[in-house]
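S.K.: Pasting a structure here, questions to come.
The values are calculated or read from the model by the stated rules, or taken from the named source; none is laboratory data. The model shown is predicted, which means the values in this text are computed figures rather than measured ones. Here Cβ is always computed from backbone atoms with ideal geometry, including for glycine, and neighbour counts include all displayed protein chains. Remember, those area values only see protein heavy atoms, side chains included, never the ligands or the DNA or RNA. Shrake-Rupley method; radii C 1.70, N 1.55, O 1.52, S 1.80 Å.
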Amino acid sequence: MYDILDFDANFAAYCEKWMQMNKGRFANIEQMEDAMPDVYMHWLSSPAAFLGGEKPEEYFQKYDDAPMLVNWVAEYEAAGVPVPDVLLERITDLGQKSVRPLIRAAADPDNPKGLRVTALNLLKEIDCGEAPMETCFAIIDRREGEDEVADVAAELLQNIGDACVPDILSRIDEVSDEARETYLDVLCNFPGDERIFTSLMAAFDAHPEKLAMYASLLGKLGDDRALEPLYESLKQPDINYLDYLEVRNAIEMLGGTVDGERDFSGDPYYETLKGV
């Protein structure tokens, strides 16, 4: 049903011909690379043989069926062909018409990761209000370990704003450690509720093996009551260099200071940085 046309490959071929024809105009490859945005815009606005003479920038403009366009993205993903930017731009141009189809694509755990991530990223570009919030919660609640879909869902929650805070706080004690970390990262963008500081401090105390991450979140939250426990964590005789850096940075973000230097000779991360 859908034509899966490789816009990227056709632009690459166009670029190759353009470079051969124009290489004498440029002193070096950097100058040629600087011209690429203009080359791309010219390609977009020029009739293309692979589109039967249509201009790439106009190819998807004739469609206003948002569910169909989102399905078209799914077909591209399934075929392993890069999704054309002009297709994604058309979906966002349709605004509210695209919100529900994108939410459905993101919400289905059986959909490929690429499609779900693309759908969430497009929702970030549309003024969709709180509509995707429950979908984001469902994605993050199921998080186990590394999860790009959950990461993008968290970014979307941040875009939605502090309307997400009460619902996150109501579930944060019932989810996995991985999901809780994700939610705390979101909550740190919306200081003001005492429960956020309490939850973050509880996680900081419960997970000394993740000192760097939780110190970073405390710095981000901006509550200077965290200074004392952060100073205490610096006293650990076996603190590694990465943790030390993150704790020191958090202290400085909160208005504190760290005097003196510690010897981290032999620490792998320290030795790597020293050798750079």
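S.K.: For residue 173, tell me the accessible area in Å² from a 1.4 Å probe, rounded to the nearest 10.
M.R.: Counting only protein heavy atoms, the figure is 110 Å².
S.K.: If I ignore ligands, DNA and RNA and count only protein heavy atoms, how much of residue 133 is accessible to a 1.4 Å probe, in Å² to the nearest 10?
M.R.: Its heavy atoms expose roughly 10 Å² to the probe.
S.K.: From largest accessible area down, sort 225, 25; use a 1.4 Å probe on the protein chains.
M.R.: Result, largest first: 25, 225.
S.K.: In sequence order, what are the phi-derived ³J(HN,Hα) couplings for the range 45-59 according to the Karplus relation 6.51 cos²θ - 1.76 cosθ + 1.60 with θ = phi - 60°, rounded to whole Hz, with x for glycine and proline?
M.R.: Working through the residues one at a time gives 9, 10, x, 10, 4, 5, 10, x, x, 6, 7, x, 5, 9, 4 Hz.
S.K.: Leaving ligands, DNA and RNA out of it, report the carbon-plus-sulfur percent of the accessible area of the chain at a 1.4 Å probe.
M.R.: Carbon and sulfur atoms account for 48 percent of the accessible area of the chain.
S.K.: Based on Cα coordinates alone, diagonalise the gyration tensor for the range 30-109, multiply each eigenvalue by 5, take square roots, and list the semi-axes in whole Å, largest first.
M.R.: Largest first, the range 30-109 gives 27, 15, 13 Å.
S.K.: How compact is the range 175-270 by the rule of thumb for globular proteins, expressed as Cα Rg over 2.2 N^0.38 Å?
M.R.: In units of the 2.2 N^0.38 Å rule of thumb, it is 1.07.
S.K.: Given the rule -39500 (n - 2.57) for each run of at least 4 DSSP H residues, summed and divided by the residues of the chain, what is its mean residue ellipticity at 222 nm, to the nearest 500 deg cm²/dmol?
M.R.: Mean residue ellipticity, 222 nm, calculated: -18500 deg cm²/dmol.
S.K.: On each of the three principal axes of the Cα atoms of the chain, give max minus min coordinate, whole Å, ordered largest first.
M.R.: Principal-axis extents of the chain (Cα, largest first): 69, 50, 29 Å.
S.K.: Lysine pairs in the chain with alpha-carbon atoms under 30 Å apart, 8 or more places apart or on different chains: how many are there?
M.R.: 21
S.K.: At a 10 angstrom cut-off on C-beta neighbours, averaged per residue, how do the peptides 115-122, 51-58 rank from highest to lowest?
M.R.: 115-122, 51-58
S.K.: When only the heavy atoms of the protein chains count and the probe is 1.4 Å, how do 182, 198 rank by accessible area, highest first?
M.R.: Reading off the accessible areas and sorting them downward yields 198, 182.
S.K.: About the Cα centre of the range 225-276, what is the dipole size in debye to 20, counting +1 per Lys and Arg Cβ and -1 per Asp and Glu Cβ, all else neutral?
M.R.: 100
S.K.: I'd like to check one number: the per residue accessible area of the chain, probe 1.4 Å, reported in Å² as a whole number.
M.R.: With all protein chains present, the chain gives 54 Å² per residue.
S.K.: Here's something else I'd like to know. Based on the alpha carbons, how large is the Rg to Rh ratio for the range 68-128 when Rh follows Kirkwood?
M.R.: 0.92
S.K.: Continuing with the same structure: Take every Cα pair under 8 Å in the chain that's 6+ residues apart, average their separations, divide by the length, and report that relative contact order as a whole percent.
M.R.: About 9 percent, as a whole number.
S.K.: Relative to the compact globular guide of 2.2 N^0.38 Å, what is the alpha carbon radius of gyration of the range 1-137, as a ratio?
M.R.: Rounded to two decimals, the normalised Rg is 1.22.
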